[in-house]
Amino acid sequence: MYRITFLILSIIIITACSDGKNVEQVGVFGSKGNGQGQFRYVEDFAFDGRGHVLITDALNSNVQVFSLAGEYISSFGGKGYHSGNLEKPEGIAIDPQGNIFVADYLSGFIKKYDSNYQHLLTFSGYGVNRGLTAETEFMTIHSNGLLYVPEAGNHRISVFNLNGDFKYSFGEKGSLPGQLLRPEAVKHNSKGILFVSDMGNHRIQLFAPDGKLITGWGSEGSEPGQFKKPTGIAIDEHDNVYVADIGNSRIQKFSADGEFLYLFGEHGEGDKQFGNIHGLGYYQGHLYVADTANNRVQKYKVSE
């Protein structure tokens, strides 16, 4: 059965769990600019096997590499006409061999780099036909070895193998269960279930790896469990789900079953304040937040 919202449950537990005591800011890095360690439109995160966090910057057209503490290490991509250059990188994912996949929002290209940031492969391209993509967002590499790419422009999820071969897609424009309106992120949990932030429909939808709808939750609003354009998703080792709620300038945490746990954040420039929040990344008990309008990344230690 498709569950539209957990609003009643959320109201019951808000007084116990919505004051942000479950999170502690432990780091902030970045500033506005195009220099090393600076951002102009920070988007999404991926973590490699060397203890680095890789961050896409759509307007600087690059991927920057940092230590987990936020110390700048290097970057790759950048504007240009060579195979490894990028126009507007947004989605990023890393496979078990350390290869890096970057989705380019403007060109439709998905580019594959090795662990030393050398370009290996370009596939897909901009369009509506099978195997092409439009306005790609925050993607994931599933444990089944497939790459799932949300397309805001085509209102669907396209699926490729790691050699760049198109396999299938699911979703279409609409507001009915299983339909999508500008999906922003797709991530998977330990059971292989896909969580999609259906941004234009203000909800989260869950799919099996083959694209079959499982369930979903959320509706438009500002109450706990509601959203105003959900964007980034991160999933922890307990399969809890963190959702960036761009219109409400906050992050909400849910169980794997969609039970609201707590929220934190408000609009602003301080601690636990956000502007135009985008991607989320979770690694070893810490949540990384793309505080896009403030040109920075905020890092939080999170607890149950």
Completion exercise
Between residue 81 and residue 116, the FRET efficiency computed from the C-beta separation at R0 = 25 Å comes out, to the nearest 0.05, as 0.70
Practice task
State, as an integer percentage, the relative contact order of segment 137-201 based on alpha-carbon contacts under 8 Å between residues 6 or more apart.
Solution key: 28 percent
Practice task
Over 18 Å, how big is the tail of the calculated P(r) for segment 59-151, in percent of all Cα pairs?
Solution key: 43 percent
Handout entry: Solvent-accessible surface (1.4 angstrom probe) belonging to residue 283, in square angstrom, nearest 10
Key = 60 Å²
Handout entry: Selected from 280, 82, 37, residue furthest toward positive end of dipole (the chain; charges at beta carbon)
Key = 82
Completion exercise
Heavy-atom accessible area of residue 272, protein chains in place, probe 1.4 angstrom, given in Å² to nearest 10, is 50 Å²
Fill in the blank from the handout: Taking the alpha-carbon centre of each part, the distance from segment 124-155 to segment 34-87 in Å is 20 Å
Handout entry: Pairwise FRET efficiency - residue 31 versus residue 167, Cβ, R0 = 45 Å, nearest 0.05
Key = 0.65
Exercise for the section: With Cα Rg over 2.2 N^0.38 Å in mind, check (i) 0.92; (ii) 1.47; (iii) 0.98 and report the label derived from this structure. Expected result: (i)
Practice task
Place a +1 charge on the Cβ of each Lys and Arg in the chain and a -1 charge on the Cβ of each Asp and Glu, then give the dipole magnitude about the Cα centre in debye, rounded to the nearest 20.
Solution key: 360 debye
Fill in the blank from the handout: Neighbours of residue 184 by Cβ distance under 12 Å: Lys/Arg at +1, Asp/Glu at -1, summed charge -4
Handout entry: Integer Hz, Karplus 6.51/-1.76/1.60 couplings in order for segment 93-106, x for Gly and Pro
Key = 8, 10, 8, x, 8, x, 6, 10, 10, 10, 9, 9, 4, 7
Completion exercise
Ordering 303, 124 by the accessible surface of their heavy atoms, 1.4 Å probe, largest first, yields 303, 124
Problem - Distance (nanometres) between label positions extended 7 Å along Cα→Cβ at residue 40 and residue 144 - result: 3.9 nm
Practice task
Tabulate in residue order the Karplus-calculated ³J(HN,Hα) for segment 287-295, using 6.51 cos²θ - 1.76 cosθ + 1.60 with θ = phi - 60°, rounded to whole Hz; enter x for Gly and Pro.
Solution key: 10, 9, 10, 7, 8, 5, 5, 8, 6
Fill in the blank from the handout: Once all protein chains are kept in place, residue 79 shows an accessible area at probe 1.4 Å, nearest 10 Å², of 140 Å²
Exercise for the section: State in Å² the accessible area per residue of the chain; use a 1.4 Å probe, count heavy atoms of protein chains only, and round to the nearest integer. Expected result: 40 Å²
Handout entry: residue 167 long-range amide H proximity, modeled H, under 5 Å
Key = 159, 160, 161
Exercise for the section: For residue 126 and residue 67, calculate 0.36 nm times their separation in residues minus their Cα-Cα distance, and state this gained length in nm to one decimal. Expected result: 17.9 nm
Completion exercise
Residue-normalised 222 nm signal for the chain, counting each DSSP H run of n ≥ 4 as -39,500 (n - 2.57), nearest 500 deg cm²/dmol, is -1000 deg cm²/dmol
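The values are calculated or read from the model by the stated rules, or taken from the named source; none is laboratory data. As the structure is a prediction and not an experimental result, all values here were calculated from the model. Here the Cβ is made from the backbone with ideal geometry for all residues, glycine too, and neighbour counts use every protein chain on show. Surface accessibility is based on the protein's heavy atoms, side chains included, excluding ligands, DNA and RNA. Shrake-Rupley method; radii C 1.70, N 1.55, O 1.52, S 1.80 Å.
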